[in-house]
Amino acid sequence: MGSLRSVSSLLLTTAFLLAGHGLHMTFLPLRAVELGMSTLLVGLSGSAYFAGFLTGALITPRIIANVGHIRSFTALMATFICSFLVLSLCDGGVLWIVVRFVLGTAMCGAYTVIESWLTEQTDPKAHGRVLSIYTVIVLASMALGQYLLNLTASNPLHPFILVSLMVGLAIIPVSLTRSPAPAPVPATRFSFSKLYRRSHTAFAGALGSGLIMGSFWSLGAVYVLALTDDPSFVPWFIAANIIGGALAQYPIGVASDRIDRRFVLTFLCVACCGTALALSQATEQGTLLWCSAAFGAAGNSLYAVSLAKAADNSKRDEFVMLGSSALLLNALGASGGALFFGFAIRWLGNESLFIAVAMASLLFGVFTSLQPRGKTAVATDEQSEFVGTTSAMAPIALQQDPRSNESTTDATVDDYVSENTEQNSTSGCGMTLDSSEKMTAW
């Protein structure tokens, strides 16, 4: 209880922030359609948001080092509110894309401040419990944000006001907290190539989860609005996806602790394919809700299982770097997915969205299933314990993950490296691997 009391203000800030975040992620695509923007432009703006999220993960540590946590958070949230309100005054496509990039950068920066503070203020023994509570708050608040959207239907400016209120309220608990500010945040260290070498399946799962769910967040609201012509139904559709993902994490996590995670990831990709096809055929609102929940159960679990797979294959002190790589790869996939599926809808029509998602899911599932078992593959009873998490976090949150403190032996890594690869290992964004890490992976 003492650990929770010490971070209560940060958790309250998280609740306000994520309620506003969930609301604005659904509202902006709908607003873009209302202004007459093409689906391609909506996809481009979604791609810009996730590109901004990726950028925020890289630049926020430097901002915090220069001005501290409270000033950084206040400045980032002020930037978010001002940028968001600019969208209420314009209908220009280019400006819309630029602003969404800024929004993504500011939101990731806010996550970084909160999560680094949580890590610093929490007893290391309570990191797992606090991370679980934080994840629940993130998902619950984002779902609540969907329902708030229906309260603003009477006036097109009300969503701008409500999101700004939620984000503004998030500043207050952090600004008035008595908890001492933590030390500066270390720079984000990542290596996509090392993640791929450590585990092809973790790499594919992280990229695929971003591609699949990024398309849903960027274009799902537009799809269901065009299908039902009922703006009040859209928040329920998005909320069903979030709730489905939240409820499925525990049973899927239990399964992934007992079954080879390659098979779990393959199953989730196939499930995404099947539920996406079901969504492409559904027309009644009740069916759409059930299909959205089922799609969310599979799609939202892909990242968490991929992160668990990366943990299985992490050498000593590598989990944070490989986890950061998985999270940033997820954001990169989301950015590319929003752009790719935006083009698909432009040329093939709105009904092609979930058909294209189904094809992409099947492709990732086939890739995962075809990975050969490596000589140093992790046995099921040696896998790390699954920890429920979400991609709506910054890399700094991985330092609070209990798996970051686990020590794994060099032998429990499934990786493929060419027999002729002999390179020096690097830190930061390094893309090389030393010769001692030549292994066979799947």
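Could you tell me whether any residue of segment 197-206 is closer than 12 Å to residue 300 by Cα and in contact (Cβ under 8 Å) with a residue 12 or more places away in the chain? Give the derivation first.
First pass over segment 197-206, keeping only residues closer than 12 Å to residue 300 by Cα: 205-206.
Then drop every residue that is not in contact (Cβ under 8 Å) with a residue 12 or more places away in the chain, which leaves 205-206.
Yes: segment 197-206 contains one or more residues that are closer than 12 Å to residue 300 by Cα and in contact (Cβ under 8 Å) with a residue 12 or more places away in the chain.
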If you take the residues of segment 127-178 that are outside any helix (DSSP H, G or I) and of a type outside the set (S, T, N, Q), which of them is surrounded by the most Cβ atoms within 10 Å (Cβ to Cβ)?
-> 156
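Out of everything in segment 51-77 that is free of Cβ contacts under 8 Å to residues at least 40 places away in the same chain and of a type in the set (A, V, I, L, M), what residue ends up being nearest to residue 30 (Cα to Cα)?
Of segment 51-77, the ones free of Cβ contacts under 8 Å to residues at least 40 places away in the same chain are 66-67, 71, 75-76.
Then drop every residue that is not of a type in the set (A, V, I, L, M), which leaves 67, 75-76.
On the way: 67: 36, 75: 27, 76: 25 Å.
By that ranking, first place goes to 76.
Residue 277 - would you say it is surrounded by 23 or more Cβ atoms within 10 Å (Cβ to Cβ), more than 30 Å from residue 120 (Cβ to Cβ) and modelled with pLDDT of 90 or more? First the steps, then the outcome.
Details: surrounded by 23 or more Cβ atoms within 10 Å (Cβ to Cβ): no; more than 30 Å from residue 120 (Cβ to Cβ): yes; modelled with pLDDT of 90 or more: yes.
So residue 277 fails the test.
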Residues that are of a type in the set (A, V, I, L, M, F, W, C) and crowded, with 24+ Cβ neighbours inside 10 Å, drawn from segment 191-203 = 195, 202, 203
Evaluation of residue 91 against (1) assigned to a helix (DSSP H, G or I); (2) out of contact with any Phe, Trp or Tyr (no Cβ under 9 Å at 6 or more places or on another chain) (one fails), failing number = (1)
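Any idea which of 234, 224, 264 is within 21 Å of residue 141 (Cα to Cα), buried (at least 22 other Cβ atoms within 10 Å of the Cβ) and in contact (Cβ under 8 Å) with a residue 12 or more places away in the chain? Full working, then the answer.
Values: 224 fails: within 21 Å of residue 141 (Cα to Cα); 264 fails: within 21 Å of residue 141 (Cα to Cα).
Checking each option against the conditions leaves just 234.
For segment 327-362, which positions are polar (S, T, N, Q), surrounded by fewer than 24 Cβ atoms within 10 Å (Cβ to Cβ) and modelled with pLDDT of 85 or more?
Result: 352, single match.
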For residue 251, the lone unmet condition from (1) surrounded by fewer than 21 Cβ atoms within 10 Å (Cβ to Cβ); (2) in contact (Cβ under 8 Å) with a residue 40 or more places away in the chain is (2)
Restricting segment 80-96 to residues that are surrounded by fewer than 18 Cβ atoms within 10 Å (Cβ to Cβ) and of a type in the set (Val, Ile, Thr), the residue that is farthest from residue 335 (Cα to Cα) | 86
Could you please find all residues in segment 4-43 being modelled with pLDDT under 90, among the polar types (S, T, N, Q) and buried (at least 18 other Cβ atoms within 10 Å of the Cβ)?
-> 6, 9, 13, 14, 39
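The values are calculated or read from the model by the stated rules, or taken from the named source; none is laboratory data. Just so you know, these numbers come straight off a predicted model, no measurement behind them. Here the Cβ is made from the backbone with ideal geometry for all residues, glycine too, and neighbour counts use every protein chain on show.
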